[in-house]
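FYI, it's all coordinate maths here, none of it is from the lab. None of these values were measured; they are calculated from a predicted model. Methodologically, a virtual Cβ is constructed for each residue, glycine included, from the backbone with ideal geometry; neighbour enumeration extends over all protein chains shown.
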Amino acid sequence: MSLTGTPFLYTLVALCLVAVVLPLVLWSRMRGPRLVRAAGRVLMLLFAQTTAVALVFTLVNNANQLYDNWGDLLGTSDHVHEAADLGASGTGGMALEKLPKVRQVFKPGKGPGMREEGGVLVTQLRGRVSGVQAEVNVWLPPQYRDPAYRDHRFPVVEVLPGYPGSSKAWFGTMDAPQQLAPLMRSGQIEPFIIVSPRTTLLPGVDTGCANIPGKVNADSWLSIDVPKMVMDNFRAQAAPDGWAVAGYSAGAHCAAKLAVAHPDRYRAAVSMSGYNDPVAVPNSLAAKTPALRAANNPYLLLKEAGVPPRVALYFSGQPRDGYEAAMAIDRAAKPPTTVDVVFIPRSAGGHTMALWKPQVVPAFRWLTEVMGTRHQVGTGPGTTPPVPSTAGSRPAELASGTASRATAARRP
C-alpha cells in the first residue's frame with residue numbers, strides 16, 4: 001500500500017475511528033484478573049495514540065510531500081549503483097556530445113497534482129555519467145502539443161525540492177502547473193518545460209547535490225544526465241541559454257550552487273529560503289569535510305571564481321532564513337553575474353510550503369525576463385506568443401507580500 005496513496009490514508013482514518021469506539025465499548029466489559037484488564041486498557045490507549053500519530057504524520061507528509069514512498073521514510077531507498085570519481089568537470093573525461101541519445105519510455109504520473117494541466121510524465125532514468133538510477137518527472141507547457149509550435153524548442157526549468165522532499169512536490173503541494181499554465185496560455189509567462197528529478201538518492205542523508213567519489217554523483221545526475229535525457233526526448237532548448245534551475249530550502253542551495261558552478265549548463269537559478277554553507281543541514285554529505293563544504297558553497301565558488309560566471313540569480317528569504325546568505329552572494333557577485341534579492345517579512349510565514357507556494361508565479365515571471373526568449377515573438381510555427389509588457393512592475397513582488405532589496409536596505 002502506497003505511503004502517499006488514498007487507500008492508506010482511508011485505512012488510517014478507519015483505524016482511528018475503531019480506536020475511539022473500542023474503549024467506549026470494551027472499557028467496562030473487560031473480564032479477568034486486574035492485571036489483565038489493566039493491560040487490555042493500556043493496549044487500547046496505545047492503539048488510539050499510535051493510529052492518531054500515524055494519521056497526523058500522513059496528513060502532514062501528504063501536504064508537504066516530504067517522503068514519497070516507504071523506502072524514503074524507512075531509509076532503505078538507494079538509487080546509486082555506481083559512484084566513480086568523475087573529476088572536477090563531473091564528466092569523468094567523457095565527451096558528452098559523443099554519447100548516444102537517451103531514449104526513454106514515459107508513463108502518466110500518479111499522485112497529487114500529477115494529472116493537472118495536461119498531466120506529468122514520469123520515467124526511470126539510468127544515468128550514464130552519474131551512476132544514479134531514479135525517476136524524473138516532466139511537465140510540458142500548454143503550447144507544446146499545439147501544432148503551431150511543432151518546430152518550436154522550449155526553455156526548461158529544473159525544479160528541486162527540499163530535504164527530505166519528493167520529486168512530485170512542485171506538481172502537488174507547490175501547484176506549479178495549476179498556477180503557471182493559465183499565465184503561459186495568455187503569454188504572461190514563457191511556456192517552460194518543468195523537470196523534477198529525484199534528489200533523495202541515498203537512505204537517510206542529504207547529498208547536498210554534490211559529487212562524492214565512492215558515495216554519490218548527485219551533481220552530475222542533476223546537471224548532466226537529466227538535462228541530456230530531456231533534450232534527447234523533448235523539444236527542449238539547448239544548455240546553457242535554455243536552462244534554469246529552481247528550488248526551495250535544500251533545493252534552493254542546490255539551485256544556486258549548480259548555476260554558479262556550471263554556467264555552461266544553466267543560465268539562471270531561483271533560490272527560495274536557501275543557504276550557502278552545506279553545514280546548514282546536519283546530515284549533509286557535502287558538509288563532511290572542509291574541502292567538500294568549500295566546493296559546494298555557492299558564495300565561495302562565486303567569490304573565488306577567476307572569471308565571474310554569466311548567470312542570473314534570484315534569491316528570496318527571511319531574516320536568518322535565506323536573506324543573509326542571499327545578500328552575501330550579492331556582495332560577492334561581479335558582472336556578468338546578476339543578482340536579485342527579495343526580502344520576505346516574517347509576517348509572510350516561516351520555513352514551510354505555505355511560504356514558497358505563492359512565490360512560484362513571481363519566480364517564473366523573473367525567469368521569463370532573464371532567459372532571453374522574448375525575441376521569439378510572433379504567431380507562426382516555432383514562435384512564442386507576444387508577452388505583455390511589464391514595464392514599471394517589480395519582478396521582486398510576491399503574492400505573499402514582500403519588499404524588494406532596495407526597500408529592505410532602508411529597514412532599521
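The DSSP beta bridges internal to region 219-370 are antiparallel in roughly 5% of cases. Here each label is just a point 7 Å from Cα along the line to Cβ, and for residue 185 and residue 74 those points are 4.3 nm apart. Span-like helix criteria (full DSSP H runs; alpha carbon extent of at least 27 Å along the helix axis; mean Kyte-Doolittle hydropathy of at least 0.5) are satisfied in the chain by 6-26, 34-64. With a/c under 1.5 counting as rounded, go ahead and sort region 81-409 into rounded, prolate or oblate using the C-alpha gyration tensor (a ≥ b ≥ c being the square roots of the eigenvalues; past the cut-off, prolate if a/b is larger than b/c, else oblate). Rounded. Taking Cβ atoms as reference points and 15 Å as the exclusive limit, the residues near residue 299 contribute a net charge of +1, counting Lys and Arg as +1 and Asp and Glu as -1. Note down the net charge around residue 199, summing +1 for each Lys or Arg and -1 for each Asp or Glu among other residues with Cβ under 15 Å from its Cβ. Result for the local shell: -4. By the count of neighbouring beta-carbon atoms within 10 Å, fewest first, 190, 117 end up ordered 117, 190. Rounded to the nearest 5, the antiparallel percentage of DSSP beta bridges internal to region 81-409 is 40%. Sorted fewest first by neighbouring Cβ atoms within 10 angstrom, 344, 193 come out as 193, 344. Full extension of the chain between residue 126 and residue 150 yields a length gain of 5.8 nm, computed as 0.36 nm times the residue separation minus the alpha carbon distance. Fewest-first ordering of 225, 85, 321 by other beta carbons within 10 Å of each residue's beta carbon gives 85, 321, 225.
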